[in-house]
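Novice: I'd like to ask you about the structure that follows.
Here, each number is a calculation from the coordinates, and none is a lab measurement. Computed from a prediction, not measured in an experiment: that's the story for all the values here. Don't worry about glycine lacking a Cβ; one is built from the backbone with ideal geometry, like all the others, and counts go over all protein chains shown.
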């Protein structure tokens, strides 16, 4: 049993970390943290292309299509064009300026 390749955009890809699991995980050096990912938030996601861990997807539409096709598994989402458009619109709506937050101070 191993990682099967997934097919997206007429390109066959495999998970590179399967072949070099320790060489590419410098991380925190804490054994408990091995293989974990820090997942970024969605605020301003429309401004952070390219997407995915390897930068292989250039647009939010490509990301939605990738997951809609099941990421190479048999787990297709079967989203309609309207649903895909709604998801992209939602993600783009998360774009905006970060609010200024004043750190709390001690009373005088």
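Novice: Would you mind computing, in nm to one decimal, how far apart the modelled labels at residue 73 and residue 95 are, each placed 7 Å from Cα along Cα→Cβ?
Specialist: 3.1 nm
Novice: Right, next: How far apart, in nm, are the 7 Å Cα→Cβ label points at residue 102 and residue 33?
Specialist: 3.5 nm
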